[in-house]
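Novice: I'd like to ask you about the structure that follows.
The values are calculated or read from the model by the stated rules, or taken from the named source; none is laboratory data. What you see is a predicted model; the values in this text were computed from it and never measured. Cβ: placed from backbone, ideal geometry, glycine included. Neighbour counts: every protein chain shown. With ligands, DNA and RNA removed, areas are computed over all heavy atoms of the protein, side chains included. Shrake-Rupley method; radii C 1.70, N 1.55, O 1.52, S 1.80 Å.
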Amino acid sequence: MNRHLKIAAFVGSAVLMATGVAWGQSQQGAAGPMDAFSLPKVQMVVGGGDGDWVGILRILGMMTVLTLAPAILLTMTSFTRIVIVFSFLRQALGTQQSPPNQVMIALALFLTVFIMQPIWSKVHTESLQPYMEGTISQDVAFDRAMTPIRAFMFKHTRQKDLAVFLKVSGEDKPQTRGDVSNFQLIPAFVLSELKTAFQMGFMLYIPFLVLDMVVASILMAMGMMMLPPILISLPFKVMLFVLVDGWNLLVVSLVRSFGS
C-alpha cells in the first residue's frame, strides 16, 4: 500500500511540474521569459505609515471583486440563458435529476467560455495586457475592458427592457450608448436574457407535451386510469430526443442565438 502511495505521489508531482513548465513556455511569447511567471512577492509590515492604507484598500477592493466574480459571470455573460434552457429541457423530459446539476452547470460554463472567448480576448489584448505592462492606468484599463462587454450586452438587450430601467432611474434620456450607465444596462440585459431563455424553453416543451398528451389519451382509451402517463412517455421522450440528436441541435441553437 505504501508503495502505491509513493508511486501516486511521484506521478502527481511530475504532472504538476510538467503543467508548470508547459504553462511557462506558452507564456514566453506574450509575457517574456520564464521568470515572468514567478509569483508576486508579498510583504507584511507592522506599524506602517498612512500611505500604506492605499495598498490595503486596493487589496480589499480586489478581494471584493473576486467574491463578486460568480455574480459577474451570471449577469454579464451568456451563462444565464444557457443554464435556464438546460433546466427547461430537463423539466420537459421529466428525467428529474438526469443529467445532474454538476454536469449541466459544467456544460453551461464551457459553452459560456466558448461564446465569450472573442470578447475576453479583446479585453485581454486591449485592457489587461497593457495595464500589466504599466502603459495605461487602472481607470483606462477598466473603460477599455467594459467596451466590448457593453457592446455584447447592448447587442442582446431589448430596447423595451432598457427603457424600463432608464425610466425608473429618473435620469434624463441618454443620447448615445455611452450615456447609459452599467447599473442600467446590466439589469436590462439580465431581463432580456430571462425572456429569451423562457421563449426557448417554451419551444422545447411543445414536442414533449404533445407526446405526453398522446400517451395519456391512449392510456385512457385502454382503461388504464391508474397508470401514470409520465411513466410510459418518459422512455419515448428520451428515445425521441436521442434519435433527433437533441443535444447537438440544442447546443447549436444556443450558440447561434448569440451570433451576429
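Novice: State, to one decimal in nm, how far the label point of residue 155 lies from the label point of residue 126, with both points 7 Å from Cα in the Cβ direction.
Specialist: If labels sit at residue 155 and residue 126, their model points lie 1.2 nm apart.
Novice: Counting heavy atoms of the protein chains only and a 1.4 Å probe, report the per residue accessible area for region 76-219 as a whole number of Å².
Specialist: On the way: 8480 Å² over 144 residues.
I get 59 Å² per residue for region 76-219.
Novice: Order these peptides, 205-211, 94-100, by their mean beta-carbon neighbour count within 10 angstrom, highest first. All intermediate terms of the calculation are to be shown ahead of the outcome.
Specialist: Working: 205-211: 14.4, 94-100: 11.4.
For the peptides 205-211, 94-100, the packing ranking is 205-211, 94-100.
Novice: Show me the ranking of peptides 111-118, 176-183, 252-259 by mean Cβ neighbours inside 10 Å, starting with the highest. Write out the running numbers ahead of the final one.
Specialist: Details: 111-118: 15.9, 176-183: 11.8, 252-259: 13.4.
Highest-to-lowest ranking by the protection proxy: 111-118, 252-259, 176-183.
Novice: Among 159-171, 186-198, 58-70, how do they line up from the highest to the lowest mean number of other beta-carbon atoms within 10 Å? The partial results should precede the final answer.
Specialist: Values: 159-171: 14.0, 186-198: 18.8, 58-70: 10.0.
Output ranking for 159-171, 186-198, 58-70: 186-198, 159-171, 58-70.
Novice: Rounded to the nearest 0.05, what FRET efficiency do residue 95 and residue 69 give with R0 = 41 Å and r taken as the Cβ-Cβ distance? Could you check? Numbers along the way, then the final one.
Specialist: Numbers: r = 31 Å, r/R0 = 0.76.
Computed FRET efficiency for residue 95 and residue 69 comes out at 0.85.
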